[in-house]
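The values are calculated or read from the model by the stated rules, or taken from the named source; none is laboratory data. From a predicted model like this one, the values you see are computed outputs, not experimental measurements. Virtual Cβ from ideal backbone geometry, glycine too; neighbours counted across all protein chains shown. All accessible areas refer to the heavy atoms of the entire protein, side chains included, with ligands and DNA or RNA removed. Shrake-Rupley method; radii C 1.70, N 1.55, O 1.52, S 1.80 Å.
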Amino acid sequence: MARSEQQGLQVLSALDAAKTQWYHFTAIVVAGMGFFTDAYDLFCISLVTKLLGRIYYTDPSLPNPGTLPPGVAAAVNGVAFCGTLSGQLFFGWLGDKLGRKSVYGMTLILMVICSLGSGLSLAHTPKSVMATLCFFRFWLGFGIGGDYPLSATIMSEYANKKTRGAFIAAVFAMQGFGILAGGIVTLIISAAFRAAYPKPAYQDNATGSIGSEADFVWRIILMLGAVPALLTYYWRMKMPETARYTALVAKDAKLAAADMSKVLNVQLEDESKKMEEMVSRGNNEFGLFSPQFARRHGLHLVGTATTWFLLDIAFYSQNLFQKDIFTAINWIHKAKTMSALDEVFRISRAQTLLALCGTVPGYWFTVFLIDVIGRFAIQLMGFFMMTVFMLGLAIPYHHWTTPGNQVGFVIMYGFTFFFANFGPNATTFVVPAEIFPARLRSTCHGISAAAGKAGAMIGAFGFLYAAQDPHKPDAGYKPGIGIRNSLFVLAGINILGFAFTFLVPEANGKSLEEMSGEAEDNEDEAREPKVQPSMA
(Lines give C-alpha, C1' and ligand atoms only; values in the text may rest on other atoms or scores of the structure.)
Protein backbone atom coordinates (compact mmCIF):
# COMPACT_ATOMS: atom_id res chain seq x y z
CA MET A 1 0.00 0.00 0.00
CA ALA A 2 1.39 3.39 -1.00
CA ARG A 3 2.29 5.51 1.92
CA SER A 4 2.61 9.29 1.73
CA GLU A 5 5.64 11.04 3.15
CA GLN A 6 3.41 14.01 3.57
CA GLN A 7 1.09 11.86 5.71
CA GLY A 8 4.14 10.64 7.59
CA LEU A 9 5.44 14.08 8.48
CA GLN A 10 3.14 16.37 10.39
CA VAL A 11 5.24 19.44 9.56
CA LEU A 12 4.53 19.09 5.82
CA SER A 13 0.84 18.51 6.39
CA ALA A 14 0.77 21.61 8.61
CA LEU A 15 2.41 23.70 5.89
CA ASP A 16 -0.05 22.51 3.23
CA ALA A 17 -3.07 23.19 5.44
CA ALA A 18 -1.83 26.42 7.05
CA LYS A 19 -4.08 29.44 6.81
CA THR A 20 -2.61 32.53 5.18
CA GLN A 21 -0.54 34.19 7.88
CA TRP A 22 1.83 37.09 8.33
CA TYR A 23 4.87 34.92 7.54
CA HIS A 24 3.47 34.24 4.06
CA PHE A 25 3.40 37.96 3.29
CA THR A 26 6.85 38.43 4.83
CA ALA A 27 8.21 35.71 2.57
CA ILE A 28 6.55 37.31 -0.47
CA VAL A 29 8.09 40.70 0.29
CA VAL A 30 11.56 39.37 1.12
CA ALA A 31 11.72 37.07 -1.90
CA GLY A 32 9.88 39.57 -4.08
CA MET A 33 12.31 42.40 -3.40
CA GLY A 34 14.98 40.24 -4.99
CA PHE A 35 12.88 40.10 -8.14
CA PHE A 36 12.18 43.81 -7.93
CA THR A 37 15.95 44.34 -7.98
CA ASP A 38 16.45 41.76 -10.73
CA ALA A 39 14.00 43.48 -13.06
CA TYR A 40 15.32 46.94 -12.30
CA ASP A 41 18.90 45.87 -13.01
CA LEU A 42 18.12 43.87 -16.15
CA PHE A 43 15.83 46.38 -17.83
CA CYS A 44 17.24 49.77 -16.80
CA ILE A 45 20.13 49.24 -19.22
CA SER A 46 17.73 49.55 -22.16
CA LEU A 47 16.83 53.04 -20.93
CA VAL A 48 20.39 54.33 -21.03
CA THR A 49 21.92 52.61 -24.09
CA LYS A 50 20.96 55.54 -26.33
CA LEU A 51 22.65 57.86 -23.83
CA LEU A 52 25.79 55.71 -23.76
CA GLY A 53 25.96 55.91 -27.54
CA ARG A 54 25.69 59.69 -27.46
CA ILE A 55 28.31 60.15 -24.75
CA TYR A 56 30.97 57.79 -26.02
CA TYR A 57 30.40 57.42 -29.77
CA THR A 58 29.22 60.80 -31.06
CA ASP A 59 31.10 62.40 -33.94
CA PRO A 60 29.97 66.08 -33.99
CA SER A 61 30.71 66.32 -37.72
CA LEU A 62 27.94 63.81 -38.53
CA PRO A 63 24.26 64.80 -38.95
CA ASN A 64 23.02 62.34 -36.28
CA PRO A 65 24.20 61.69 -32.71
CA GLY A 66 26.32 58.62 -31.98
CA THR A 67 24.95 55.19 -31.21
CA LEU A 68 26.59 52.12 -29.73
CA PRO A 69 28.29 50.03 -32.45
CA PRO A 70 26.45 46.75 -33.16
CA GLY A 71 28.86 44.52 -31.25
CA VAL A 72 28.99 46.85 -28.26
CA ALA A 73 25.20 47.26 -28.18
CA ALA A 74 24.72 43.50 -28.29
CA ALA A 75 27.25 43.00 -25.49
CA VAL A 76 25.85 45.73 -23.23
CA ASN A 77 22.27 44.47 -23.67
CA GLY A 78 23.03 40.76 -23.61
CA VAL A 79 25.99 40.14 -21.31
CA ALA A 80 23.81 40.23 -18.19
CA PHE A 81 21.69 37.44 -19.68
CA CYS A 82 24.83 35.32 -20.17
CA GLY A 83 25.60 35.81 -16.49
CA THR A 84 21.99 35.13 -15.50
CA LEU A 85 21.92 31.84 -17.40
CA SER A 86 25.14 30.71 -15.70
CA GLY A 87 23.88 31.82 -12.30
CA GLN A 88 20.57 29.99 -12.70
CA LEU A 89 22.32 26.69 -13.40
CA PHE A 90 25.00 27.13 -10.72
CA PHE A 91 22.92 28.49 -7.86
CA GLY A 92 20.00 26.21 -8.74
CA TRP A 93 22.28 23.21 -8.25
CA LEU A 94 23.91 24.76 -5.16
CA GLY A 95 20.51 25.47 -3.60
CA ASP A 96 19.76 21.74 -3.62
CA LYS A 97 23.21 20.88 -2.25
CA LEU A 98 23.71 23.48 0.49
CA GLY A 99 20.16 24.61 1.20
CA ARG A 100 18.02 27.49 0.01
CA LYS A 101 18.82 29.94 2.81
CA SER A 102 22.63 29.74 2.81
CA VAL A 103 22.86 30.32 -0.94
CA TYR A 104 20.22 33.05 -0.88
CA GLY A 105 22.53 35.54 0.84
CA MET A 106 25.37 34.95 -1.64
CA THR A 107 23.27 36.07 -4.59
CA LEU A 108 22.19 39.26 -2.85
CA ILE A 109 25.73 40.31 -1.92
CA LEU A 110 26.86 39.72 -5.51
CA MET A 111 24.00 41.87 -6.83
CA VAL A 112 24.86 44.76 -4.48
CA ILE A 113 28.57 44.76 -5.36
CA CYS A 114 28.04 44.52 -9.10
CA SER A 115 25.28 47.15 -9.24
CA LEU A 116 27.71 49.59 -7.66
CA GLY A 117 30.53 48.39 -9.91
CA SER A 118 28.41 48.95 -13.03
CA GLY A 119 28.03 52.62 -12.19
CA LEU A 120 31.70 52.96 -11.34
CA SER A 121 32.88 51.77 -14.76
CA LEU A 122 35.67 54.32 -14.90
CA ALA A 123 38.23 54.33 -17.71
CA HIS A 124 39.86 56.61 -20.28
CA THR A 125 38.44 55.31 -23.57
CA PRO A 126 34.94 54.33 -24.73
CA LYS A 127 36.13 50.78 -25.35
CA SER A 128 37.47 50.34 -21.82
CA VAL A 129 34.36 51.91 -20.23
CA MET A 130 32.12 49.48 -22.13
CA ALA A 131 34.40 46.53 -21.30
CA THR A 132 34.31 47.37 -17.58
CA LEU A 133 30.53 47.86 -17.70
CA CYS A 134 30.08 44.49 -19.40
CA PHE A 135 32.31 42.79 -16.82
CA PHE A 136 30.22 44.00 -13.89
CA ARG A 137 26.93 43.36 -15.68
CA PHE A 138 27.95 39.74 -16.34
CA TRP A 139 28.52 39.11 -12.63
CA LEU A 140 25.42 41.13 -11.76
CA GLY A 141 23.51 38.75 -14.02
CA PHE A 142 25.19 35.80 -12.31
CA GLY A 143 23.79 36.92 -8.95
CA ILE A 144 20.38 37.68 -10.46
CA GLY A 145 20.35 34.18 -11.97
CA GLY A 146 20.54 32.62 -8.52
CA ASP A 147 17.51 34.56 -7.39
CA TYR A 148 15.21 32.78 -9.86
CA PRO A 149 15.36 29.17 -8.60
CA LEU A 150 15.91 30.12 -4.97
CA SER A 151 13.06 32.64 -4.66
CA ALA A 152 10.60 30.35 -6.45
CA THR A 153 11.62 27.27 -4.45
CA ILE A 154 11.54 29.03 -1.09
CA MET A 155 8.10 30.48 -1.74
CA SER A 156 6.67 27.18 -3.01
CA GLU A 157 8.02 25.31 0.00
CA TYR A 158 6.66 27.87 2.48
CA ALA A 159 3.19 28.16 0.93
CA ASN A 160 0.04 26.17 1.56
CA LYS A 161 -1.34 24.20 -1.35
CA LYS A 162 -4.54 26.25 -1.66
CA THR A 163 -2.86 29.59 -2.43
CA ARG A 164 0.63 28.45 -3.45
CA GLY A 165 0.28 29.61 -7.05
CA ALA A 166 -0.76 33.12 -5.99
CA PHE A 167 2.13 33.41 -3.54
CA ILE A 168 4.78 32.34 -6.08
CA ALA A 169 3.21 34.55 -8.74
CA ALA A 170 3.20 37.48 -6.28
CA VAL A 171 6.97 37.09 -5.84
CA PHE A 172 7.39 37.14 -9.60
CA ALA A 173 4.96 40.06 -9.94
CA MET A 174 7.51 42.23 -8.17
CA GLN A 175 9.37 42.10 -11.47
CA GLY A 176 6.68 44.37 -12.89
CA PHE A 177 7.26 46.92 -10.15
CA GLY A 178 11.01 46.67 -10.81
CA ILE A 179 10.48 47.50 -14.49
CA LEU A 180 8.16 50.35 -13.51
CA ALA A 181 10.65 51.62 -10.93
CA GLY A 182 13.42 51.64 -13.53
CA GLY A 183 11.30 53.87 -15.74
CA ILE A 184 10.28 56.18 -12.90
CA VAL A 185 13.83 56.53 -11.50
CA THR A 186 15.21 57.28 -14.97
CA LEU A 187 12.39 59.76 -15.55
CA ILE A 188 13.09 61.60 -12.29
CA ILE A 189 16.87 61.69 -12.67
CA SER A 190 16.82 62.72 -16.32
CA ALA A 191 14.18 65.40 -15.60
CA ALA A 192 16.21 66.76 -12.69
CA PHE A 193 19.44 66.96 -14.72
CA ARG A 194 17.58 68.34 -17.73
CA ALA A 195 16.12 71.14 -15.60
CA ALA A 196 19.42 71.91 -13.89
CA TYR A 197 21.57 71.71 -17.03
CA PRO A 198 19.42 72.55 -20.09
CA LYS A 199 21.07 71.65 -23.40
CA PRO A 200 20.26 72.43 -27.05
CA ALA A 201 19.14 69.81 -29.57
CA TYR A 202 21.87 67.93 -31.42
CA GLN A 203 20.99 69.55 -34.74
CA ASP A 204 21.50 72.99 -33.18
CA ASN A 205 24.74 72.27 -31.30
CA ALA A 206 26.14 68.75 -31.63
CA THR A 207 28.81 69.03 -28.93
CA GLY A 208 26.72 71.10 -26.53
CA SER A 209 23.72 68.75 -26.71
CA ILE A 210 25.42 66.20 -24.45
CA GLY A 211 27.27 67.95 -21.63
CA SER A 212 29.56 66.35 -19.06
CA GLU A 213 26.67 66.03 -16.59
CA ALA A 214 25.05 63.34 -18.75
CA ASP A 215 27.78 60.89 -17.75
CA PHE A 216 26.50 60.97 -14.16
CA VAL A 217 22.94 60.14 -15.17
CA TRP A 218 23.46 56.58 -16.40
CA ARG A 219 25.86 55.81 -13.55
CA ILE A 220 23.38 56.92 -10.88
CA ILE A 221 20.57 54.94 -12.50
CA LEU A 222 22.60 51.70 -12.55
CA MET A 223 24.01 52.13 -9.03
CA LEU A 224 20.58 52.65 -7.47
CA GLY A 225 19.88 48.97 -8.21
CA ALA A 226 21.99 48.14 -5.14
CA VAL A 227 19.59 49.86 -2.74
CA PRO A 228 16.63 47.41 -2.60
CA ALA A 229 18.99 44.41 -2.54
CA LEU A 230 20.91 45.89 0.39
CA LEU A 231 17.72 46.68 2.31
CA THR A 232 16.44 43.08 2.17
CA TYR A 233 19.68 41.27 3.06
CA TYR A 234 18.99 41.28 6.82
CA TRP A 235 15.48 39.86 6.42
CA ARG A 236 16.67 37.15 4.06
CA MET A 237 19.19 35.97 6.61
CA LYS A 238 16.51 35.85 9.33
CA MET A 239 14.30 33.49 7.32
CA PRO A 240 14.66 29.87 8.50
CA GLU A 241 15.50 27.13 6.02
CA THR A 242 12.37 25.67 4.41
CA ALA A 243 10.91 22.68 6.20
CA ARG A 244 10.76 20.67 3.01
CA TYR A 245 14.49 21.04 2.42
CA THR A 246 15.33 20.34 6.06
CA ALA A 247 13.04 17.30 6.26
CA LEU A 248 13.14 15.76 2.79
CA VAL A 249 16.68 16.64 1.68
CA ALA A 250 18.72 17.22 4.87
CA LYS A 251 16.67 14.48 6.63
CA ASP A 252 16.43 16.47 9.87
CA ALA A 253 12.80 16.23 10.91
CA LYS A 254 13.50 17.61 14.39
CA LEU A 255 14.95 20.88 13.08
CA ALA A 256 12.18 21.18 10.47
CA ALA A 257 9.54 20.84 13.20
CA ALA A 258 11.32 23.35 15.44
CA ASP A 259 11.68 25.95 12.65
CA MET A 260 8.09 25.65 11.47
CA SER A 261 6.70 25.65 15.01
CA LYS A 262 8.04 29.19 15.34
CA VAL A 263 6.79 30.24 11.90
CA LEU A 264 3.31 28.71 12.16
CA ASN A 265 2.86 29.43 15.89
CA VAL A 266 1.82 25.83 16.53
CA GLN A 267 3.44 22.97 18.42
CA LEU A 268 4.81 20.29 16.08
CA GLU A 269 6.17 17.00 17.37
CA ASP A 270 9.68 15.66 16.79
CA GLU A 271 9.29 13.15 13.98
CA SER A 272 12.85 11.80 13.82
CA LYS A 273 11.72 8.16 14.03
CA LYS A 274 9.35 8.55 11.10
CA MET A 275 12.16 10.20 9.14
CA GLU A 276 14.49 7.30 9.90
CA GLU A 277 11.89 4.88 8.54
CA MET A 278 11.57 6.90 5.34
CA VAL A 279 15.34 7.05 4.90
CA SER A 280 15.63 3.29 5.47
CA ARG A 281 12.97 2.65 2.79
CA GLY A 282 15.06 4.70 0.34
CA ASN A 283 12.02 6.10 -1.42
CA ASN A 284 12.47 8.44 -4.37
CA GLU A 285 16.26 8.66 -4.19
CA PHE A 286 16.80 8.72 -7.97
CA GLY A 287 19.01 11.42 -9.49
CA LEU A 288 18.53 13.97 -12.24
CA PHE A 289 20.08 11.79 -14.95
CA SER A 290 18.44 8.52 -13.89
CA PRO A 291 15.90 6.51 -15.92
CA GLN A 292 13.38 7.01 -13.11
CA PHE A 293 13.62 10.79 -13.39
CA ALA A 294 13.33 10.62 -17.17
CA ARG A 295 10.21 8.46 -16.88
CA ARG A 296 8.55 10.50 -14.15
CA HIS A 297 9.60 14.05 -15.01
CA GLY A 298 11.49 14.03 -18.31
CA LEU A 299 8.61 15.40 -20.38
CA HIS A 300 7.77 17.86 -17.62
CA LEU A 301 11.30 19.30 -17.71
CA VAL A 302 11.20 19.48 -21.51
CA GLY A 303 7.86 21.31 -21.24
CA THR A 304 8.93 23.84 -18.60
CA ALA A 305 12.28 24.55 -20.29
CA THR A 306 10.89 24.83 -23.83
CA THR A 307 7.95 27.07 -23.00
CA TRP A 308 10.18 29.39 -20.95
CA PHE A 309 12.73 29.47 -23.80
CA LEU A 310 10.12 30.42 -26.39
CA LEU A 311 8.40 32.95 -24.14
CA ASP A 312 11.62 34.82 -23.36
CA ILE A 313 12.56 35.21 -27.02
CA ALA A 314 9.39 37.23 -27.50
CA PHE A 315 9.25 38.91 -24.09
CA TYR A 316 12.81 40.23 -23.99
CA SER A 317 12.76 41.28 -27.63
CA GLN A 318 9.80 43.49 -26.79
CA ASN A 319 11.20 44.85 -23.54
CA LEU A 320 14.75 45.65 -24.55
CA PHE A 321 13.96 47.27 -27.86
CA GLN A 322 10.69 49.03 -27.27
CA LYS A 323 12.63 52.32 -27.50
CA ASP A 324 13.47 51.46 -31.13
CA ILE A 325 9.85 50.55 -31.87
CA PHE A 326 8.61 53.81 -30.36
CA THR A 327 11.06 55.70 -32.56
CA ALA A 328 10.01 53.74 -35.66
CA ILE A 329 6.37 54.73 -35.20
CA ASN A 330 7.39 58.34 -34.48
CA TRP A 331 6.16 58.22 -30.87
CA ILE A 332 9.62 59.41 -29.85
CA HIS A 333 11.16 62.18 -31.96
CA LYS A 334 14.24 61.69 -34.09
CA ALA A 335 17.43 61.73 -32.03
CA LYS A 336 18.91 64.79 -33.72
CA THR A 337 15.93 66.94 -32.68
CA MET A 338 16.65 66.36 -28.97
CA SER A 339 19.46 66.75 -26.49
CA ALA A 340 20.92 63.64 -24.86
CA LEU A 341 18.88 64.07 -21.67
CA ASP A 342 15.72 64.92 -23.61
CA GLU A 343 16.00 61.55 -25.34
CA VAL A 344 16.48 59.63 -22.09
CA PHE A 345 13.52 61.46 -20.57
CA ARG A 346 11.20 60.62 -23.49
CA ILE A 347 12.28 56.96 -23.67
CA SER A 348 11.75 56.47 -19.93
CA ARG A 349 8.38 58.24 -20.08
CA ALA A 350 7.20 55.88 -22.82
CA GLN A 351 8.44 52.77 -21.00
CA THR A 352 6.93 53.89 -17.70
CA LEU A 353 3.53 54.44 -19.32
CA LEU A 354 3.66 51.02 -20.97
CA ALA A 355 4.71 49.30 -17.73
CA LEU A 356 1.98 51.07 -15.77
CA CYS A 357 -0.80 50.24 -18.22
CA GLY A 358 0.22 46.84 -19.57
CA THR A 359 3.04 45.15 -17.71
CA VAL A 360 2.14 45.57 -14.02
CA PRO A 361 -1.62 44.83 -14.32
CA GLY A 362 -0.89 41.59 -16.19
CA TYR A 363 1.21 40.20 -13.34
CA TRP A 364 -1.50 40.86 -10.78
CA PHE A 365 -4.27 39.35 -12.87
CA THR A 366 -2.20 36.17 -12.70
CA VAL A 367 -1.78 36.48 -8.92
CA PHE A 368 -5.52 36.78 -8.35
CA LEU A 369 -6.63 34.11 -10.85
CA ILE A 370 -3.91 31.44 -10.95
CA ASP A 371 -5.44 29.39 -8.14
CA VAL A 372 -8.91 29.86 -9.63
CA ILE A 373 -8.49 28.87 -13.27
CA GLY A 374 -5.12 27.12 -13.00
CA ARG A 375 -1.66 27.47 -14.49
CA PHE A 376 -2.40 25.50 -17.66
CA ALA A 377 -5.32 27.66 -18.80
CA ILE A 378 -3.51 30.94 -18.09
CA GLN A 379 -0.42 29.85 -20.02
CA LEU A 380 -2.40 28.67 -23.05
CA MET A 381 -4.48 31.85 -23.07
CA GLY A 382 -1.40 34.05 -22.74
CA PHE A 383 0.47 32.50 -25.64
CA PHE A 384 -2.68 32.62 -27.80
CA MET A 385 -3.45 36.27 -27.06
CA MET A 386 0.18 37.34 -27.55
CA THR A 387 0.00 35.75 -30.99
CA VAL A 388 -3.24 37.56 -31.79
CA PHE A 389 -1.95 41.00 -30.78
CA MET A 390 1.42 40.58 -32.49
CA LEU A 391 -0.36 39.69 -35.70
CA GLY A 392 -2.64 42.66 -35.07
CA LEU A 393 0.47 44.84 -35.01
CA ALA A 394 2.28 43.18 -37.91
CA ILE A 395 -0.43 42.74 -40.54
CA PRO A 396 -1.53 46.43 -40.70
CA TYR A 397 1.93 47.67 -39.61
CA HIS A 398 2.09 50.47 -42.19
CA HIS A 399 -1.25 51.76 -40.92
CA TRP A 400 0.14 52.02 -37.38
CA THR A 401 3.19 54.02 -38.50
CA THR A 402 1.20 56.75 -40.20
CA PRO A 403 0.56 60.00 -38.28
CA GLY A 404 -2.46 59.86 -35.99
CA ASN A 405 -2.38 56.08 -35.46
CA GLN A 406 0.57 55.79 -33.10
CA VAL A 407 -1.60 55.72 -29.97
CA GLY A 408 -3.45 52.71 -31.34
CA PHE A 409 -0.14 50.96 -31.92
CA VAL A 410 0.99 51.61 -28.35
CA ILE A 411 -2.31 50.26 -26.98
CA MET A 412 -2.00 47.08 -29.05
CA TYR A 413 1.65 46.78 -28.06
CA GLY A 414 0.68 47.19 -24.40
CA PHE A 415 -1.77 44.29 -24.70
CA THR A 416 1.05 41.97 -25.79
CA PHE A 417 2.80 42.81 -22.50
CA PHE A 418 -0.42 42.37 -20.55
CA PHE A 419 -1.00 38.85 -21.88
CA ALA A 420 2.66 37.93 -21.53
CA ASN A 421 2.37 38.66 -17.82
CA PHE A 422 -1.21 37.43 -17.44
CA GLY A 423 0.12 34.34 -19.11
CA PRO A 424 3.39 32.46 -19.68
CA ASN A 425 5.81 35.01 -18.25
CA ALA A 426 4.33 34.27 -14.81
CA THR A 427 3.34 30.61 -15.17
CA THR A 428 6.69 29.48 -16.57
CA PHE A 429 8.20 30.77 -13.31
CA VAL A 430 5.58 29.20 -11.05
CA VAL A 431 5.24 25.65 -12.39
CA PRO A 432 8.88 24.43 -12.18
CA ALA A 433 8.83 25.25 -8.46
CA GLU A 434 5.89 22.89 -7.92
CA ILE A 435 6.31 19.70 -9.95
CA PHE A 436 9.81 18.36 -9.20
CA PRO A 437 11.14 16.49 -6.11
CA ALA A 438 12.48 18.60 -3.22
CA ARG A 439 16.08 17.44 -3.64
CA LEU A 440 15.99 18.43 -7.37
CA ARG A 441 13.48 21.29 -7.24
CA SER A 442 15.95 24.18 -7.28
CA THR A 443 18.12 22.47 -9.91
CA CYS A 444 15.20 21.81 -12.27
CA HIS A 445 13.87 25.32 -11.82
CA GLY A 446 17.35 26.62 -12.60
CA ILE A 447 17.51 24.51 -15.78
CA SER A 448 14.10 25.77 -16.90
CA ALA A 449 15.01 29.38 -16.11
CA ALA A 450 18.37 29.02 -17.89
CA ALA A 451 16.53 27.81 -20.99
CA GLY A 452 14.48 31.00 -20.70
CA LYS A 453 17.59 33.15 -20.56
CA ALA A 454 18.95 31.36 -23.64
CA GLY A 455 15.76 32.58 -25.32
CA ALA A 456 16.31 36.05 -23.87
CA MET A 457 19.78 36.14 -25.43
CA ILE A 458 18.31 35.22 -28.80
CA GLY A 459 15.79 38.01 -28.29
CA ALA A 460 18.45 40.50 -27.18
CA PHE A 461 21.00 39.70 -29.88
CA GLY A 462 18.77 38.45 -32.68
CA PHE A 463 16.09 41.14 -32.60
CA LEU A 464 18.77 43.84 -32.56
CA TYR A 465 19.86 42.73 -36.02
CA ALA A 466 16.59 41.31 -37.37
CA ALA A 467 14.59 44.48 -36.72
CA GLN A 468 16.92 46.65 -38.80
CA ASP A 469 15.23 48.35 -41.74
CA PRO A 470 16.01 46.31 -44.89
CA HIS A 471 16.60 49.54 -46.85
CA LYS A 472 17.98 51.99 -44.26
CA PRO A 473 19.68 50.09 -41.41
CA ASP A 474 21.29 51.98 -38.52
CA ALA A 475 24.95 52.88 -38.85
CA GLY A 476 27.16 49.81 -38.58
CA TYR A 477 24.33 47.30 -39.06
CA LYS A 478 23.49 45.11 -42.01
CA PRO A 479 19.96 45.26 -43.43
CA GLY A 480 17.51 43.13 -41.45
CA ILE A 481 13.98 41.93 -42.02
CA GLY A 482 12.42 45.00 -40.39
CA ILE A 483 10.18 45.40 -37.35
CA ARG A 484 7.06 44.20 -39.20
CA ASN A 485 8.56 40.87 -40.25
CA SER A 486 10.19 40.49 -36.82
CA LEU A 487 6.71 40.72 -35.28
CA PHE A 488 5.54 37.91 -37.59
CA VAL A 489 8.47 35.76 -36.40
CA LEU A 490 7.63 36.47 -32.75
CA ALA A 491 3.99 35.51 -33.39
CA GLY A 492 5.17 32.16 -34.76
CA ILE A 493 7.32 31.62 -31.67
CA ASN A 494 4.26 32.21 -29.47
CA ILE A 495 2.33 29.55 -31.41
CA LEU A 496 5.11 27.06 -30.65
CA GLY A 497 4.90 28.03 -26.98
CA PHE A 498 1.17 27.30 -27.06
CA ALA A 499 1.87 23.81 -28.43
CA PHE A 500 4.61 22.90 -25.92
CA THR A 501 2.39 23.97 -23.01
CA PHE A 502 0.62 20.60 -23.38
CA LEU A 503 3.72 18.92 -21.88
CA VAL A 504 3.32 20.83 -18.61
CA PRO A 505 1.18 19.31 -15.80
CA GLU A 506 -1.43 21.22 -13.82
CA ALA A 507 -0.40 21.69 -10.17
CA ASN A 508 -3.42 23.66 -8.98
CA GLY A 509 -4.68 22.51 -5.57
CA LYS A 510 -2.16 19.65 -5.20
CA SER A 511 0.60 19.29 -2.63
CA LEU A 512 4.23 19.51 -3.73
CA GLU A 513 4.78 15.88 -2.69
CA GLU A 514 1.79 14.74 -4.74
CA MET A 515 3.04 16.59 -7.82
CA SER A 516 6.63 15.40 -7.51
CA GLY A 517 5.77 11.78 -6.75
CA GLU A 518 7.43 11.96 -3.32
CA ALA A 519 4.10 10.89 -1.82
CA GLU A 520 4.46 7.51 -3.53
CA ASP A 521 6.39 4.44 -2.50
CA ASN A 522 9.20 3.70 -4.89
CA GLU A 523 9.27 -0.05 -4.31
CA ASP A 524 7.80 -0.90 -7.71
CA GLU A 525 10.00 1.13 -10.06
CA ALA A 526 8.10 -0.06 -13.11
CA ARG A 527 4.86 1.48 -11.94
CA GLU A 528 3.79 4.55 -13.91
CA PRO A 529 3.79 7.86 -11.98
CA LYS A 530 0.45 9.25 -10.93
CA VAL A 531 1.19 12.72 -12.29
CA GLN A 532 0.83 12.86 -16.06
CA PRO A 533 0.91 15.88 -18.39
CA SER A 534 -2.55 17.36 -18.02
CA MET A 535 -4.96 17.99 -20.88
CA ALA A 536 -2.40 16.69 -23.37
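Please compute P(r) over all alpha-carbon pairs of segment 408-462, binned at 10 Å starting from zero, and give each bin as a whole-number percent.
Taking all Cα pairs of segment 408-462, the binned fractions are 22, 36, 30, 10, 2 percent.
Could you give the semi-axes, largest first, of the ellipsoid that matches the chain, computed as the square roots of 5 times the alpha carbon gyration tensor eigenvalues and rounded to whole Å?
44, 25, 19
Relative to the Cα centre, what is the charge dipole magnitude of the chain, using +1 at the beta carbon of each Lys and Arg, -1 at the beta carbon of each Asp and Glu, and rounding to the nearest 20 debye?
The dipole magnitude comes to about 1080 debye.
Please list ILE168, ILE395 from largest to smallest accessible area, probe radius 1.4 Å, with all protein chains kept in place.
ILE395, ILE168
So how long is each side of segment 124-170 along the principal axes, counting just the alpha-carbon atoms, biggest first, in Å?
If we take the Cα atoms of segment 124-170, the spans are 57, 14, 8 Å.
Please give the helix 375-394 orientation as an angle from the longest Cα principal axis of the chain, in degrees from 0 to 90, rounded to the nearest 10.
20 degrees
Quote the FRET efficiency, to the nearest 0.05, computed for ALA123 versus LYS262 with a Förster distance R0 of 41 Å and r equal to the Cβ-Cβ distance.
The calculated FRET efficiency here is 0.25.
Using a 1.4 angstrom probe, figure out how much accessible area the chain has per residue, in square angstrom, rounded to the nearest whole.
That works out to 37 Å² per residue.
Write down the Å³ per residue value for the convex hull defined by the alpha carbon atoms of segment 135-245.
Dividing the Cα hull volume of segment 135-245 by its residues yields 137 Å³.
At a 1.4 Å probe radius, which order do SER516, SER128 fall into by accessible area, largest first?
So the residues, ranked largest to smallest area, are SER128, SER516.
Which order do the peptides 232-239, 152-159, 183-190 take when ranked by the mean count of other beta-carbon atoms within 10 Å per residue, highest first?
Answer by packing, highest mean first, reads 152-159, 183-190, 232-239.
When the solvent-accessible surface of protein heavy atoms is calculated with a 1.4 angstrom probe, in what order do TRP218, TRP93, TRP22 fall, highest first?
The most accessible residue leads, giving TRP22, TRP93, TRP218.
Give the separation of the Cα centroids, segment 338-357 to segment 154-180, in Å.
Answer, in whole Å: 29.
In the full protein assembly as shown, how much of CYS357 is accessible to a 1.4 Å probe, in Å² to the nearest 10?
Its heavy atoms expose roughly 90 Å² to the probe.
Tell me, what is the Rg over Rh of segment 435-484, with Rh the Kirkwood radius over Cα pairs?
1.35
Amide H neighbours of THR58 under 5 Å, counting only residues 5+ apart in sequence or on other chains, H built in-plane at 1.01 Å?
GLY66
Under 1.5 on a/c is rounded, so check that first for segment 194-265, then, if it is not, pick prolate when a/b is larger than b/c and oblate when it is not; a ≥ b ≥ c are the square roots of the alpha carbon gyration tensor eigenvalues.
The shape class here is prolate.
Just the number, please: carbon plus sulfur as a percent of the accessible area of the chain, 1.4 Å probe, no ligands or DNA/RNA counted.
Whole-percent figure for carbon plus sulfur exposure: 68.
May I ask for the angle, rounded to the nearest 10°, between helix 226-238 and the longest principal axis of the chain, with both axes built from Cα atoms and the value confined to 0 to 90°?
Helix 226-238 sits at roughly 10 degrees to that axis.
Between the helical axis of 22-57 and the dominant principal axis of the chain, each derived from Cα atoms, what acute angle in degrees is found, rounded to the nearest 10?
The angle comes out near 30 degrees.
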